[in-house]
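I have placed the structure first, in the form of structure tokens, so that the comments after it can refer back to it.
Coordinate-derived values only; no laboratory data. Nothing here was measured: the structure is a model prediction, and the numbers come from that model. Cβ sites come from the backbone with ideal geometry, for glycine too, and all protein chains shown count toward neighbours.
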Amino acid sequence: MTAICLAPPNWPRPQALLLDAMGTLIGLRQSIGSTYARLAADHGLQVEAEAIDQAFPAVYGAAPPLAFPGLEAEALERAERDWWAQRIDTVLVAAGAAPAPAALHRCLFDQFADPQLWRVYDDVPPQLQAWREQGLRLAVVSNFDQRLDGLLAGLELTPWIEQVVISSRAGAAKPSAQPFHQALDALDLNAEQVWHVGDSPEDAAGAAAAGIRCLIVQRP
């Protein structure tokens, strides 16, 4: 992966890599604001895409963790949808619009589950293939919800990925060490045997909390 810095030469070779998803493996084809504004208009709300894009980072950054300890199945999906409904309303109001009707909440949540809205970064498939050919096991550790399972499948990344740990299902989000511990348990490896690859301060802090070496992707 061309965007990753080289590991220090004294790092022992890992047996597995834990990979972040958004911003590391995949990204949106167009801005969040573009999709929000288009679907909001379909539901009678007028809002500028640029205003959404400006407001979203602060709203997302101030949100509680996307993590729901003890919930499964339908209860977990309801919690995920409710979490995103609150973020949608907050960002719309911050962008100068009214809160969304329930139908827009559902529409936006479902829209971002569509793999066509996302793209795999060009350097990712050949790098995943190279890592697997080198004998490395690969798992995803992401601060996201159950939609990631379908996205990874639809974007044809699942053949390389052995385990997927998402914060909503894990009950904790990075920078907590808990998602990393769950990935280690699933792989039956210890912290000294893996590296984490991510793109955010939460990746670095969470990996450090779990005692895992971390490499940071710096994409344009």
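Please identify the chymotrypsin sites (Phe, Trp or Tyr not before Pro) of region 10-111 that satisfy two criteria: DSSP loop assignment and at most 15 other Cβ atoms within 10 Å. Which are they?
Working: sites: Tyr36, Tyr60, Trp83, Trp84, Phe109; in loops: none.
Passing both the DSSP loop test and the Cβ count: no residue.
Compute the distribution of all C-alpha to C-alpha distances in the chain, in bins of 5 Å from 0, and list the percent of pairs in each, rounded to whole numbers.
1, 7, 14, 18, 19, 16, 11, 7, 4, 2, 1, 0
Between the helical axis of 32-42 and the dominant principal axis of the chain, each derived from Cα atoms, what acute angle in degrees is found, rounded to the nearest 10?
Between helix and principal axis, roughly 30 degrees.
Which percentage, to the nearest 5, of the DSSP beta bridges contained in the chain is antiparallel? Spell out each step's value before the answer.
Working: 4 of 21 bridges.
Roughly 20 percent of the DSSP beta bridges within the chain come out antiparallel.
Just to confirm the number: angle between the C-alpha axis of helix 178-187 and the first principal axis of the chain, 0 to 90 degrees, nearest 10?
Between the helix axis and the principal axis of the chain, the angle is about 50 degrees.
For the pair Ala58 and Gln15, what calculated FRET efficiency results from E = 1/(1 + (r/R0)^6), where r is the Cβ-Cβ distance and R0 = 30 Å, to the nearest 0.05?
On the way: r = 39 Å, r/R0 = 1.30.
That gives a FRET efficiency of 0.15.
Using the Cα atoms of region 32-116 to build a convex hull, what is its mean projected area in square nanometres? Write out the running numbers ahead of the final one.
Details: hull surface 22.6 nm².
For region 32-116, averaging the hull's shadow over all directions gives 5.7 nm².
Helix 102-111 against the longest principal axis of the chain: what's the angle in degrees, Cα atoms only, rounded to the nearest 10?
It works out to around 30 degrees.
Give the longest segment of the chain that steers clear of GluC sites (Glu not before Pro) in DSSP loops with at most 12 neighbouring Cβ atoms within 10 Å, not counting the sites themselves. Please list the in-between numbers first.
On the way: sites that count: Glu72, Glu156.
Maximal segment without exposed cleavage sites: 73-155.
Report the Cα centroid-to-centroid distance between region 53-91 and region 100-150 in angstrom, as an integer.
What the calculation gives is 17 Å, centre to centre.
How large is the Kirkwood hydrodynamic radius of region 118-177, in angstrom, based on all distinct alpha carbon pairs?
Numbers: mean 1/r = 0.0806 Å⁻¹.
Taking the inverse mean of 1/r over all distinct Cα pairs, region 118-177 comes out at 12.4 Å.
Once you charge only the Cβ atoms, +1 for Lys and Arg and -1 for Asp and Glu, what is the size of the charge dipole of the chain about its Cα centre, to the nearest 20 debye?
On the way: 15 positive and 26 negative charges, 51 e Å.
Roughly 240 debye for the chain.
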